[in-house]
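One structure is given here, and the rest of the page talks about it.
A short reminder: the numbers here are calculations on the coordinates, not readings from a lab. Here the structure is a predicted model, which means the values were calculated and not measured. Cβ coordinates were reconstructed from backbone atoms using ideal geometry, including for glycine residues, and neighbour counts include every protein chain displayed.
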Number of protein chains: 2
Amino acid sequence: MTRTPLSGVACSIARATDLFGDAWTALIMRDVLVGVTRFDDLAEDLGISRKVLAARLARLVAEGVLVRERYQERPVREHYVATEKGRELYPVLLALMNWGDRWYAGESGPPVRLRHLGCGELTSAVCACATCGEPLTADDTLELPGPGGRTGPGTQVLGRLLKSRAHG
Amino acid sequence: MTRTPLSGVACSIARATDLFGDAWTALIMRDVLVGVTRFDDLAEDLGISRKVLAARLARLVAEGVLVRERYQERPVREHYVATEKGRELYPVLLALMNWGDRWYAGESGPPVRLRHLGCGELTSAVCACATCGEPLTADDTLELPGPGGRTGPGTQVLGRLLKSRAHG
DNA sequence: CGTGCTAGGTTCCTTGAAGGAACCTCACCC
DNA sequence: GGGTGAGGTTCCTTCAAGGAACCTAGCACG
């Protein structure tokens, strides 16, 4: 099968999904960020094959998203903790959670609530414009070719489209 | 292989990744939301196998994320457009893009820039608290069990953790 | 009217990753 | 020196991803 490698593609979404676009990886990161950090706990929690879990963790460590850390000396015990790069995946998880809550939560409501320690309130995450603070949607944003943009594999048509948009 | 079905799991992230946690789906949604909507254009742009593209599109239509729409009568031509449910995946894409920009953009900068039509500025997306508007990070939020929470497969350990947290 | 082009898929075959379960190893503990 | 628990590896089977060829319907043109 040799899943098509997307890491070379000139698109940050492609680069991110190359790592993250795997059903298990998102759930592993959710667990690690929430506090389930040990191999056996992850295996039990996710119901994932131990082989696949080992492979995913190794990948995440290699990518610098997690580090394996000794939390006890005698006996030696290790667990996985998120690096800064890993913690910054949190917004992706919140966005997924928001969407899942909105479209799949049953009558009983969402399975997990979120408390923001900054303001103390139960809340949800919104995707906002970094400049003006207003919510961002697909309809009021425009993608434009950026400085690092090459039209490479994975963005054939998209590249042309963005270029034409930049001119028009 | 029979990818473990996650849709029954009491976690919105799991439900969302069940659909979205696939390298191609995110890229297809990126393209569709940006304006690449025809089968052949998608196939060319992504370099995806036509078979897999057809399967993904069918899945996305079945999930109500895309609809197949006739845009020309003679000859009959159809394309795929995002529903509201699909357009609301945009924040997930922006979060992925942000992360990819931050950690993988080369010296030349990000491949795509974003213009917010609301304020007119080039911008990026931030993940903010819906209540107070401040940015949300993994460190200043706390997950708590919600009304729809059952401890089901996929949240064994997590469920216990959240419960203990709710009491402590 | 037959040949060709384009959009939009299907079919066929091969490979390789996901699942599952058993097995392994090391350090402790009694 | 047998048991236990953490943290993986190994082995085997199955099923979907990739790739490329093939198919079909509707023009369109000479």
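When the alpha carbon coordinates of region A:1-88 are projected onto the principal axes, the ranges are 47, 27, 20 Å, largest first.
Going from the fewest other Cβ atoms within 10 Å to the most, the residues B:Thr17, B:Thr137 appear in the order B:Thr137, B:Thr17.
Counting only GluC sites (Glu not before Pro) that sit in a DSSP loop (anything but H, G, I, E, B) with at most 13 other Cβ atoms within 10 Å, what is the longest stretch of chain A containing none of them? Of all site-free stretches, the longest is A:1-72. Straight-line cross-link partners of A:Lys51 among the aspartates and glutamates, defined as a Cα under 19 Å from its Cα and at least 8 positions apart when in the same chain: A:Asp22, A:Asp31, A:Asp40, A:Asp41, A:Glu63, A:Glu78. At q = 0.14 Å⁻¹ the log10 of I(q)/I(0) for the protein assembly as shown amounts to -1.17, computed by Debye summation with a single uniform scatterer per C-alpha, solvent ignored. Which residues in region B:20-63 have a backbone N closer than 12 Å to a point placed 7 Å from the Cα of B:Tyr71 along the Cα-to-Cβ line? Backbone N within reach: B:32-42. Using C-alpha pairs below 8 Å separated by at least 6 residues, the relative contact order for region A:1-104 is 21 percent. What FRET efficiency comes out for the pair A:Ala54/A:Glu121, r = Cβ-Cβ distance, R0 = 51 Å, nearest 0.05? Efficiency computed from Cβ-Cβ geometry: 0.85. The calculated Kirkwood hydrodynamic radius for chain A is 18.9 Å, given to one decimal from all distinct C-alpha pairs.
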